[in-house]
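*Asks:* My questions all concern the structure below.
Read-outs throughout are calculated quantities, based only on the coordinates presented, and are distinct from any laboratory measurement. The structure presented is a predicted model; accordingly, all values stated were derived computationally and were not measured. Note that we place each Cβ from the backbone using ideal geometry, even for glycine, and neighbour counts take in every protein chain shown.
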Amino acid sequence: MTMHAAARPVRTTCPYCGVGCGVLATHQPDGGLAIQGDPDHPANFGRLCVKGMALGETIGPAGRLMTPQIGGRRAEWDEALDLVAHRFGKTIREHGPDAVAFYVSGQLLTEDYYVANKLMKGFIGSANIDTNSRLCMASSVAGHRRAFGSDTVPGLYEDLEQADCVVLVGSNLAWCHPVLFQRLAAAREAHGTKVIVIDPRRTATCQIADLHLRVRPGSDTALFNLLLAEAARRGLTDGGCVDGLDDALASARATDAAMIGLSADDLRRFFDLWCDNDKIVTVYSQGINQSDSGTDKVNAILNCHMATGRIGRPGMGPFSVTGQPNAMGGREVGGMANMLACHLEIENPDHRQAVQGFWNAPMMPKAPGLKAVDMFRAIEDGRIKALWIIGTNPAMSMPDADRIVRALAGCDFVVVSDIVARTDTTRLADVLLPATGWGEKDGTVTNSERRISRQRPTLAPVGQARDDWRILADVARRMGWHDAFGWSYPSQIFAEYAALSGLAGRLGSDFDISDRAAIGRPDYDAMTPFVWPSAGPRQGPRFFGDGTYHTPTGRGRMVALAPRLPQPVTPALPFRLNTGRVRDQWHSMTRTGTAPRLSRHMAEPYLEIHPGDAECLGLAPASLARVSTPRGEVVLRVLVTDRAAPGHPFAPIHWSDQNAASGRVNGLTEAIVDTLSGQPALKSTNVSITPFAARWYGFAVSRQSIRPTADYWATATLTGGHQAELAGLTLPDDWVAAGQRLFGIATTPMIVRDDRRGIVRLGFVADDRLMAVLFVSEEPVAVSRSHLAQCLVQDVDASLLAGRPAMGRQDDGATVCACAGIGINRLITAITTQNLLSVDDVGKALGAGANCGSCRPEIKALIVQAGARAALTPVSG
Ligand SMILES: Nc1nc2c(c(=O)[nH]1)N[C@H]1C(S)=C(S)[C@@H](COP(=O)(O)OP(=O)(O)OC[C@H]3O[C@@H](n4cnc5c(=O)[nH]c(N)nc54)[C@H](O)[C@@H]3O)O[C@H]1N2
Ligand SMILES: Nc1nc2c(c(=O)[nH]1)N[C@H]1C(S)=C(S)[C@@H](COP(=O)(O)OP(=O)(O)OC[C@H]3O[C@@H](n4cnc5c(=O)[nH]c(N)nc54)[C@H](O)[C@@H]3O)O[C@H]1N2
Ligand code: SF4
Ligand SMILES: [Mo]
């Protein structure tokens, strides 16, 4: 599958988060890829986090969708494409263009996105194209447009390094934008940047915080309202470049500080830090956007920066960090139901006409299409009869996901383009289309700082996979639109898009890259990362520093905001569940889940819950909890920690029906949306929690894949095999038979039993090799996971069924540094016995934290804890 025989690195871009790091991918003789950070890429200057570092482990063919499928059977491309074109065409003829829809993704390349949008808005003639960015960036988009008159991120990454103070609000930057976090942490080391984290949880990001404000969930608007009032009191605000300052201030002054749940002292420290530092950047993410008042939260932040003029100049400004690799590109290209390409507006007749003329399009919708949640409602009630899902997994990522599953199951015609065969969504498809994945795709992405970079192919497509833009164009041509979709290369799509941006620029749009309108293949292939706008009257690289905005008056719009809190908890649903991400996994894990290195950090869906709550509920550490809402329930491992605030447990989003019995947290969430942006409130769901009354707990490793049927299970990938956490509500009659079923092995295992303590241990050995092990206990299984996992790659030794390393060998414990494979026990021992005082010391001694740096906040925490323990230990003699 190698395309480039010579081992010259290909310059490309990481396909995960919106930092958009440059990657050098080099072919290895064994067919794999060696991955390094691109030292010349301005997003990362050579750094990569652990997910980026592990890209080479995720490119294999295992699990990939190899061929088109129709109704579950293998099909030829022509047959599948004909069918899609026929069914979409027929539905449009019989029921009109609004009876069809596309639901696409911020993980598509700009060229893919451009084609999908052109097909739906220009040729099918409906605006029913929306994207998973609705769940992600929509409130930022709406807030930007309300304040600035356009969806524009004003600043650059270097602003975080140039600032004197950086506020991280609703952002776990350490885990979700690790390389940007590392840039900030390095700047802080160099010149003492003050860092404020505003988050109800204590996250890894708090490791570099001078101030952590544990606000009451949802109270961010109130907090920034009070800040605005305080800034005015201190004479920092100026109405010169904005409209509506007086009204905004009146609302701000009326805000009740009690909503936020902070001490007067903490509030004053926040106000002092914010007001005393001119060079201030406020970074925000899903703790802001994913709320039923998300747009207001965004505007509360923008208000403070606009009124103080701290925007669009070096080291200052509000900064919405994007989640997905091309969330920003999708916004630029018009991938959302309420926008046209190049930041043009669907409701504006001049804009519509211009785009229609440019495309020579038969018809254009006059009104916005359905936003994600409404789109699935329309599918549910049959208004939408044909749907094409591309590069997203709504059956697990949309709120009230079981309802989404039912809507898809009831839809007349569902097409899904994906790179993997089995997801919670692909199982509901009538037609499955195999797409090329990272390493195979060719195009561009835009990162959080508006920087456009190339993703370049280094591998030939797996199986019969085709590029998403090509699949879309093939269907469009089959629907009769030959000329408009006749491209042969992505460079031609990019050039067309760049030309359209010139037209948009003349209509006043900020997005203008028309200097590339005549770009040919060689220049496209050689294109280096650049920040837009690169053409037109607006001068980059920052926006609004001169006090002019993209509104008709040229003035910024302050918004008067009345803070609201999420719906209160009730006696029946007494906890407010927060959801989000873990360090080493990406969304539904279709890619990161295949890399053993990335499964070591967190291998199971869990519930982070405060010790007081756990005690009230009778939840022991490492037991299991059932979390329920009227919509559904999940079973999660209990992680008792004061990182969670009382009443506010947290669960990660990554587990789906593919890797857990019931770990899909969106089975719980409700489709409450922000009325302005349509973004769902995914961070606050009222839930009830009860212990899961397990009769037994189990842990298994196996060389072959494991097919558990227990009441509770969660699987993960290991080097050389697989693991499963298990639990059951009833005891099986025969453990040997149960083990044989679990592993699909017929031989008789070695067995160790202690019936008094409910302990059963089975070891399946063949040809002197360990094939599989199952540990069962009445209590949560306390065996060393890392030791058992090691047994798959090493020879079996006598310690196997003892469940811990032989004498003299230490159990490594839970993995902290995934790159070097170093566990918590080894770190603690080294820190205490070698008196290691800094993360760099640990790096020198063990190699931990010295590679990608993703684990540095956690190592720092261990050093701090060791120091605290030492301080509390009386010195004898
Ligand atoms: N490792 C990893 N990185 C990723 C991703 C991934 O899947 N894995 N996904 C990417 C994507 S698409 C996105 S959108 C980003 C998301 O990046 P982030 O937004 O940083 O991540 P989240 O964990 O979703 O949520 C951030 C924080 O918001 C806090 N929060 C919840 N409610 C409130 C509130 O009311 N107020 C405040 N102030 N904070 C609150 C949560 O406790 C959480 O710590 O990450 C990107 N990066
Ligand atoms: N409760 C809760 N829910 C959330 C969130 C939360 O914080 N809490 N966060 C929300 C946010 S911010 C986001 S962004 C979403 C993410 O949610 P999703 O977008 O649904 O999650 P992914 O797992 O990234 O889905 C991407 C799919 O595209 C496939 N894929 C990868 N590359 C390609 C490609 O090149 N082409 C095609 N055709 N397919 C490809 C993958 O295999 C995978 O199946 O989740 C949202 N849901
Ligand atoms: S920070 Fe990590 S996940 Fe994000 S782009 Fe960079 S390497 Fe990829
Ligand atoms: Mo996202």
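*Asks:* So, R0 is 35 Å and r is the distance between the beta-carbons of Thr829 and Asp246; what FRET efficiency does that work out to, to 0.05?
*Replies:* 0.05
*Asks:* Also, quick follow-up: Go through Leu503, Ser150, Gly632 and say which Cα lies farthest out towards the positive end of the charge dipole of the chain; charges sit on Cβ, +1 for Lys and Arg, -1 for Asp and Glu.
*Replies:* Result: Gly632, furthest along the dipole toward the positive end.
*Asks:* Among the DSSP beta bridges whose two residues both lie in the chain, what percent are antiparallel, rounded to the nearest 5? Write down the numbers at each step before the final one.
*Replies:* On the way: 73 of 116 bridges.
Close to 65 percent.
*Asks:* Sticking with this one: Charges at C-beta only: +1 for Lys and Arg, -1 for Asp and Glu. How large is the resulting dipole of the chain about its Cα centre, in Debye rounded to 20?
*Replies:* Rounded to the nearest 20 debye, it is 300 debye.
*Asks:* Would you tally the net charge around Ala54, using a Cβ to Cβ cut-off of less than 13 Å, leaving Ala54 out, and scoring K and R as +1, D and E as -1?
*Replies:* Values: positive: Lys51, Arg583, Arg591, Arg597, Arg600; negative: Glu57, Asp584.
Combined, the nearby Lys, Arg, Asp and Glu give +3.
*Asks:* Where does the longest stretch of the chain lie that holds no GluC sites (Glu not before Pro) found in a DSSP loop with 12 or fewer other Cβ atoms within 10 Å?
*Replies:* Answer - 348-877.
*Asks:* State, to one decimal in nm, how far the label point of Val569 lies from the label point of Thr553, with both points 7 Å from Cα in the Cβ direction.
*Replies:* According to this spin-label approximation, the distance is 4.4 nm.
*Asks:* Neighbouring Cβ atoms within 10 Å as the yardstick, rank His610, His177, His305 fewest first.
*Replies:* His610, His305, His177
*Asks:* What is the sum of charges around Asp199, taking Lys and Arg as +1, Asp and Glu as -1, for the other residues whose C-beta is under 11 Å from the C-beta of Asp199? Each step should come with its number before you reach the end.
*Replies:* On the way: positive: Arg201, Arg202, Arg214, Arg643, Lys683; negative: Asp220.
Cβ neighbours under 11 Å give a net charge of +4.
*Asks:* For a Förster distance of 25 Å, can you work out the FRET efficiency between the beta-carbons of His191 and Asp265, rounded to the nearest 0.05?
*Replies:* Using R0 = 25 Å, I get an efficiency of 0.40.
*Asks:* Another question, if that's okay. Find the relative contact order for region 575-691 and round it to a whole percent, using C-alpha pairs within less than 8 Å whose residues are 6+ positions apart.
*Replies:* Contact order relative to length: 36 percent.
*Asks:* Convert each backbone phi in region 465-470 into a coupling constant with the Karplus relation 6.51 cos²θ - 1.76 cosθ + 1.60 (shift: θ = phi - 60°), then list the ³J(HN,Hα) values in order as whole Hz, x for Gly and Pro.
*Replies:* Per residue, the Karplus-derived 3J(HN,Hα) values read 4, 10, 5, 4, 5, 6 Hz.
*Asks:* Averaging the inverse of every distinct alpha carbon separation and then flipping it gives the Kirkwood radius. What is it for region 815-872, in angstrom units?
*Replies:* 10.9 Å
*Asks:* Of Pro29, Val242, Gln740, which is farthest along the charge dipole of the chain in the positive direction, counting Lys and Arg as +1 and Asp and Glu as -1 at C-beta?
*Replies:* Gln740
*Asks:* How large is the charge dipole for region 516-606, taken about the Cα centre, if only the Cβ atoms of Lys, Arg (+1) and Asp, Glu (-1) carry charge, to the nearest 20 debye? List each step's numbers first, then the result.
*Replies:* Values: 13 positive and 5 negative charges, 37 e Å.
Charge dipole, region 516-606, about its Cα centre: 180 debye, nearest 20.
*Asks:* I've got another one for you. Using just the C-alpha positions of the chain as equal point scatterers, what log10 of I(q)/I(0) does the Debye formula give at each q in 0.05, 0.06, 0.08, 0.10 1/Å?
*Replies:* Treating every Cα as an identical point scatterer, log10 I(q)/I(0) equals -0.27, -0.39, -0.72, -1.15.
*Asks:* May I ask you to derive the relative contact order of region 228-319, considering only C-alpha pairs under 8 Å and at least 6 residues apart, and to give it as an integer percent?
*Replies:* The normalised contact order for region 228-319 reaches 38 percent.
*Asks:* If you don't mind, there's one more thing I want to ask. Report the net charge of residues surrounding Leu731, where surrounding means a beta-carbon distance below 12 angstrom and charges are Lys +1, Arg +1, Asp -1, Glu -1. Could you put the intermediate results ahead of the total?
*Replies:* Values: positive: Arg695; negative: Asp711, Asp733, Asp734, Asp755, Glu778.
My count for the surroundings of Leu731 gives -4.
*Asks:* A follow-up question, please. May I ask you to derive the FRET efficiency for Thr747 and Arg74 from their Cβ-Cβ distance with R0 = 30 Å, giving the value to the nearest 0.05?
*Replies:* About 0.30, to the nearest 0.05.
*Asks:* So what is the 222 nm mean residue ellipticity for the chain from helices alone, if each DSSP H run of at least 4 adds -39500 (n - 2.57) and you divide by all residues, rounding to the nearest 500 deg cm²/dmol?
*Replies:* Rounded to the nearest 500, it is -8500 deg cm²/dmol.
*Asks:* Continuing with the same structure: Say each of Ser838 and Asp733 gets a label point 7 Å from the Cα, pointing the same way as Cα to Cβ; how far apart are those two points in nm?
*Replies:* So the label points at Ser838 and Asp733 sit 6.6 nm apart.
*Asks:* Another question, if that's okay. Take every Cα pair under 8 Å in the chain that's 6+ residues apart, average their separations, divide by the length, and report that relative contact order as a whole percent. Numbers along the way, then the final one.
*Replies:* Working: 2055 pairs, mean separation 129.0, N = 877.
In percent, rounded to a whole number, it is 15.
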